[in-house]
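The values are calculated or read from the model by the stated rules, or taken from the named source; none is laboratory data. Given the structure is predicted, the values throughout are model-derived calculations rather than measurements. Every residue, glycine among them, receives a Cβ derived from its backbone with ideal geometry; neighbour counts consider all protein chains shown. Areas reflect the complete protein model, heavy atoms only, side chains present, ligands, DNA and RNA absent. Shrake-Rupley method; radii C 1.70, N 1.55, O 1.52, S 1.80 Å.
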Amino acid sequence: MSKLKNVSTGILNGLEEMNSVQEEKSKGVKEEKSKRSFMLTESQIEKIYLLKAKYKEKDLSTFVGEAIEEYYEKHISNK
């Protein structure tokens, strides 16, 4: 199972790098970005791949960023 996690992590990192380079070339950078590494459950990886398949115009970083912004607005900024 750990081998599968390593492969999943490698695939996600590769897709993220590829998408961020394409995004920077096409849109220009609005805000400085930093590369981070996170651990995800198999269920979360499956969900993010399903989101990526449905919303092909968005990259993985966009999904993570939007989720963080929404969580912050719901739990922090409304207090």
Residues being exposed (fewer than 10 other Cβ atoms within 10 Å of the Cβ) and part of a helix (DSSP H, G or I) - total across segment 57-73: 0
Filter result (open to solvent by 100 Å² or more (accessible area, probe 1.4 Å) and under 13 Å from LEU12 (Cα atoms)) within segment 29-49: LYS35, ARG36, PHE38, MET39, GLU46, LYS47
